[in-house]
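Notes to accompany the following structure.
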Amino acid sequence: MTAYSMLRNGGGAGNGGQPWVLRWSNRIRLTWLSFTLFFILVFFPLIAHYYLTTIDEAGGPDKRIFGPRPGGELCEVKHVQDLCRIRESVSEELLQLEAKRQELNGEIARLNLKIEACKKSIDNAKQDLLQLKNVISQTEHSYKELMAQNQPKLSLPVRLLPDKDDAGLPLPKSPRSCRLHSCFDYSRCPLTSGFPVYVYDTGSYPWGENIDPLVKQAFAASVKSSIYVTDNPSIACLYIVLVGELQDSPSSSSSSVSPSSLEKQLHALPYWRTDGHNHLLVHLSRKSMTQNFLYNVSTGRAAVAQSTFFERQYRAGFDLVLSPLVHALSEPNFLEVPPQVPVKRKYLFSFQGEKVESLRSSLQEGPPQSFEEEMEGDPPADYDDRIIGTLKAVQDSRLDQVLVEFTCKNRPRPSLPTEWALCGEREERLEVLKASTFALVISPGNGQLVASAGCSMRLFEALEVGAIPVVLGDHSRLPYHQMIRWSEAALLVPKPRITELHFLLRSISDNDLLAMRRQGRFLWETYFSTAESVFSTVLASVRTRIQIPAAPIREEPAQEIPHKAGKAAGTDPNMADNGDLDLGPVETEPPYASPRYLRNFTYTAADTYRAWNRPPGPFHLFPHTPLDPVLPSEAKFLGSGTGFRPIGGGTGGSGKEFQAALGGSVPREQFTVVMLTYEREEVLMNSLERLNGLPYLNKVVVVWNSPKPPSEDLLWPDIGLPIVVVRTEKNSLNNRFLPWDAVETEAILSIDDDAHLRHDEIMFGFRVWREARDRIVGFPGRYHAWDINHQSWLYNSNYSCELSMVLTGAAFFHKYYAYLYSYVMPQAIRDMVDEYINCEDIAMNFLVSHITQAPHQGDVAVDVPLPRLPAGAVARRLALPRAPQVHQLLREGVRVHAAALHAVPRGLRAVQDPPPPRQDQVLQVHIGGRREGCQSGPNRGGQTPGLGWTGS
């Protein structure tokens, strides 16, 4: 211990610098130790990791030490092998569970699809069951109706046959006593004979060569075009002989037309049969003065038809008063016919004439007397002088502007004694009449002259230009006066009322004036305008008197294009799904055609007035018309309920009760869809499929308007109804309105191939049409009116709350109008539609307006909401005509249309603000939803189907 202490102390004393060395060495050892530890802890793992990685990469996959080894070499270790087996077992179980899960999910999806299909099948089965119940109810109703009927089946009557010898009946006591019951052989004219008429050739009798050539030529052309004329005289009901008008030729022998000579020649006719029964002697007049050479001729039982008759010659109810034959070989120019408005013209009335030969005037026998004094005593022998004085007094008073001239500036036309002769040329007289509201027609001073060609000529010219005739002399017999109600087109004033004439004319309202002008225009155009119309009117007069119906109007034969049907029609959920609405029974097995010709004999025997005094006249027999009378509401429950389907059995109702029956005031019926198309097969197929399941649909007629037939491999949808594809002769929009014989219903739904209408919308339109059968009922509307600023007609294709037309791209109309459009309406209108390839709907609207003579409806939107109608608006895409094209067509064409159909007389100005749409531009017409600003009353539920009608 002491040594140690010493050493320590000695060292510290002898060497004073050693302690700091020790301290330094200690610090060095600590630093080195720290660095060594840091190197070991940091760099050694890195170096080891790098070394191990390099060994695995250099040794290859078979000599890896730490990586996974193929063949399960890692599983050679005991514990690792157990873990691997566990892992593989778990993986296999997981794969099996995933497969089972996917299988269960697929099964669930399949079961869900089956559930949805079952639900849909249940809904369809409910609908089918409900409709089947309705069909069964309808069938039971029809069966009860058939069992309750106690009317025998109507069959054709036994035909009356004339006696083979045809000896004839004894002559009447006097020629004037001839009437139909005593001088006409009804046995030759059975009701079902078709009214065959035999016309003698003018070359078969001697005086035929003296007939005016123009009259003969016009008469021959009319005979050739008549459907009643037959070449077999043995079956003829009526025999017609043309006896005049004779030409004024110096070479004509007076003996050939003397009464005795003419009578002998008449008896020499091959089928005269001693007394001339069932013969009609026709004398057509082209001049104001015509020869009445049949006056002293004994015509036996033959009737006479001419323009001039004396009272002792005319046999009322047997002879016919004819109109003059003004247009012998030419038709009147409808473009030169003045418009019907303004109603009042420059002159209140006009008269131009000169009396060449007059009876002794009572005013020349003694001092002048007042008209009241004359009426207290005996009537004057001739009122003409009093008429002259009164009319001159009216003219001098200047209360109204009138034109009366009793002296012709030039030589007057030839006339009969006591008759007022015509002045000037026909064109000059027409110019005066165009400026006259009324035209005076003064009957001859000779009261025995009940009909004259001169008065008929004045009447003809007045009607032609729209001047209302005022016939002074109520004893005059106007043409066809027994069938035509002349009081609707002319004023028949006795001559003693000449002093009251001015007051009478001033008291007539504009409404009555226009109605008389319109009626006069109809009479002139239908019965007087052409030679063919005159001849047809003569035949119709005789036929109506003996109560034989007119010939049925012809149907357009449908040349069907063969097509393959077999493609199952799908159901467009947007177009056919009506929710839980029951739209009614599908009465399509078999299709129910509308009854035809139920009023053929009634129309002739009991409805003569309407047939003769309303368009289109008595020349055609239609299978049905929209103007047929309907039964009162209680009749269907009191013995006349055949075919009616009252709503709720007569108690009414809504919802299912309303949808299950058609109701209405007419019996049950169906409608036919007529669809116009042109080489748009895909669009057409889609439109046809949308008709699948549509109630009350009879059939679909597809008018294939292309010369190229449809594709041979095209599969047409099977909608459960006949689809008739009709081939047309040419591409024409008029084909839409042809009365195809395949259409067997009164109701026609004219629709474009790209128009989209829901089933409930179609059914709503059909129900509305059944209550307005004489109108066009449709969805897209247009408006036209007189534009004061431009002094022309305006055609508005923009949205308007006021409608006057219904486009026929989606509209119901009666088949009756298809007959009129195709066979009665002037051909010039159809030619203009073909020229512009447009505006056939405008022509149809004006035609319907002309027939119904109903004013255009102002606000025609139907504001009654459909039951359970979806609130969303349904857009309709319908092509618009180009505005300039409508403008040009209606400036040039509606004047022709107006002349023929009493429609607007001037051109229409198409609205071009905004600018006119292009040909491919379309209009969105909203059928459902709210229509702001157009409600005429409270809008229930915010739903207003935009369905309109027009009168058009």
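The values are calculated or read from the model by the stated rules, or taken from the named source; none is laboratory data. Owing to the predicted nature of the structure, the values given are computational and were not obtained by experimental measurement. Every residue, glycine as well, gets a Cβ built from its backbone with ideal geometry; the counts of neighbours run over all protein chains shown. Only protein heavy atoms, including side chains, enter the accessible area calculation; ligands, DNA and RNA are left aside. Shrake-Rupley method; radii C 1.70, N 1.55, O 1.52, S 1.80 Å.
Taking the residues in region 559-577 that are in a loop (DSSP other than H, G, I, E, B) and open to solvent by 20 Å² or more (accessible area, probe 1.4 Å) as candidates, determine which candidate is modelled with the highest pLDDT. Across region 559-577, the extreme among qualifying residues is Pro562.
Among the residues of region 651-674 satisfying the criterion of being at pLDDT below 80 and assigned to a helix (DSSP H, G or I), which is surrounded by the most Cβ atoms within 10 Å (Cβ to Cβ)? Break it down into steps so the answer makes sense when it comes.
Filtering region 651-674 for residues at pLDDT below 80 gives 655-657, 659-660.
Remaining after also requiring assigned to a helix (DSSP H, G or I): 656-657, 659.
Values: Lys656: 15, Glu657: 15, Gln659: 23.
By that ranking, first place goes to Gln659.
Of the residues examined, Glu681 is not one that is in contact with a Gly (Cβ under 9 Å, 6 or more places away or on another chain), closer than 30 Å to Ser732 by Cβ and either of a type in the set (D, E, K, R) or in contact (Cβ under 8 Å) with a residue 60 or more places away in the chain (or both). Within region 534-558, the residues that satisfy the criterion of being part of a helix (DSSP H, G or I) and buried (at least 21 other Cβ atoms within 10 Å of the Cβ) are Val534, Phe535, Ser536, Thr537, Val538, Leu539, Ala540, Ser541, Val542, Arg543.
Considering only region 684-700, I want to know if a residue exists there that is touching a Phe, Trp or Tyr at 6+ places or on another chain (Cβ under 7 Å), under 20 Å from Thr808 (Cβ atoms) and in a strand (DSSP E or B). For region 684-700, residues touching a Phe, Trp or Tyr at 6+ places or on another chain (Cβ under 7 Å), under 20 Å from Thr808 (Cβ atoms) and in a strand (DSSP E or B): present. So is Pro632 open to solvent by 10 Å² or more (accessible area, probe 1.4 Å) and under 21 Å from Lys133 (Cβ atoms) or not? In short, no.
A single entry from Tyr819, Tyr823, Tyr799 fulfils the requirement of being of a type outside the set (A, V, I, L, M), within 19 Å of Ser849 (Cβ to Cβ) and either in a loop (DSSP other than H, G, I, E, B) or open to solvent by less than 30 Å² (accessible area, probe 1.4 Å) (or both): Tyr819.
Rundown of residues vs (1) crowded, with 22+ Cβ neighbours inside 10 Å; (2) among the hydroxyl-bearing types (Ser, Thr, Tyr); (3) in contact with a helix residue (DSSP H, G or I) (Cβ under 9 Å, 6 or more places away or on another chain), yes/no style:
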site	(1), (2), (3)
Val199	yes, no, yes
Thr202	no, yes, yes
Pro206	no, no, yes
Val215	yes, no, yes
Ala220	no, no, yes
Asn232	no, no, no
Ala236	yes, no, yes
Gly244	yes, no, yes
Gln247	no, no, yes
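Restricting region 675-708 to residues that are basic (Lys, Arg) and surrounded by fewer than 21 Cβ atoms within 10 Å (Cβ to Cβ), the residue that is nearest to Phe637 (Cα to Cα) is Arg680.
The residues of region 488-506 that are part of a loop (DSSP other than H, G, I, E, B) and either modelled with pLDDT of 95 or more or under 37 Å from the mean Cα position of the chain (by Cα) (or both), listed by number, are Ala489, Ala490.
Do the conditions hold for Leu501, that is, is it farther than 27 Å from Tyr228 by Cα, surrounded by 21 or more Cβ atoms within 10 Å (Cβ to Cβ) and not polar (S, T, N, Q)? So Leu501 fits the description; yes. Suppose the filter is in a loop (DSSP other than H, G, I, E, B) and surrounded by fewer than 16 Cβ atoms within 10 Å (Cβ to Cβ); does Asp512 pass it? Answer is no for this residue. Taking region 272-329 on its own, how many of its residues are open to solvent by 30 Å² or more (accessible area, probe 1.4 Å) and either under 44 Å from the mean Cα position of the chain (by Cα) or closer than 15 Å to Leu180 by Cβ (or both)? Final tally of qualifying residues: 5. Among the numbered conditions (1) without any contact (Cβ under 8 Å) to a residue 60 or more places away in the chain; (2) within 24 Å of Asp248 (Cβ to Cβ), the only one that Thr418 does not meet is (1).
For Met457, are the conditions met, namely being within 29 Å of Thr544 (Cα to Cα), modelled with pLDDT of 95 or more and assigned to a helix (DSSP H, G or I)?
Against the criterion (within 29 Å of Thr544 (Cα to Cα), modelled with pLDDT of 95 or more and assigned to a helix (DSSP H, G or I)), Met457 does not qualify.
One residue stands out in region 721-738 among those that are out of contact with any Ser or Thr (no Cβ under 7 Å at 6 or more places or on another chain), closer than 17 Å to Ile837 by Cβ and assigned to a loop (DSSP other than H, G, I, E, B): the one that is most open to solvent (accessible area, probe 1.4 Å), namely Glu729.
Residue by residue, here is whether (1) modelled with pLDDT under 95; (2) buried (at least 18 other Cβ atoms within 10 Å of the Cβ); (3) touching a Cys at 6+ places or on another chain (Cβ under 8 Å) holds:
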residue	(1), (2), (3)
Leu715	yes, no, no
Ile719	yes, yes, no
Trp740	no, yes, no
Glu746	no, yes, no
Leu749	no, yes, no
Ile762	yes, yes, no
Glu771	yes, no, no
His784	yes, yes, no
Gln791	yes, no, no
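When every residue of region 522-531 is checked against the conditions, none turns out to be in contact with a Pro (Cβ under 7 Å, 6 or more places away or on another chain), within 21 Å of Ser415 (Cβ to Cβ) and either outside any helix (DSSP H, G or I) or at pLDDT 95 or above (or both).
Checking the structure you have, find out if any residue of region 359-378 is open to solvent by 60 Å² or more (accessible area, probe 1.4 Å), within 16 Å of Ile442 (Cβ to Cβ) and at pLDDT 50 or above. No, there is no match, as no residue in region 359-378 is open to solvent by 60 Å² or more (accessible area, probe 1.4 Å), within 16 Å of Ile442 (Cβ to Cβ) and at pLDDT 50 or above.
Filtering Leu598, Leu583 for residues that are part of a loop (DSSP other than H, G, I, E, B), aliphatic (A, V, I, L, M), modelled with pLDDT under 90 and buried (at least 18 other Cβ atoms within 10 Å of the Cβ) leaves a single hit, Leu583. For Tyr603, the criteria (1) touching a residue at least 60 places away in the same chain (Cβ under 8 Å); (2) surrounded by 19 or more Cβ atoms within 10 Å (Cβ to Cβ) hold in every case but one, which is (1).
Listed here are the residues, each with its yes/no results for (1) under 23 Å from Asn333 (Cβ atoms); (2) open to solvent by 10 Å² or more (accessible area, probe 1.4 Å); (3) touching a His at 6+ places or on another chain (Cβ under 7 Å).
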position	(1), (2), (3)
Ala435	yes, yes, no
Val441	no, no, no
Cys455	no, yes, no
Arg458	yes, yes, no
Val465	yes, no, no
Val470	no, no, no
Gln482	no, yes, no
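The residue of region 433-454 that is nearest to Val343 (Cα to Cα), among those that are in a loop (DSSP other than H, G, I, E, B) and not polar (S, T, N, Q), is Ala435.
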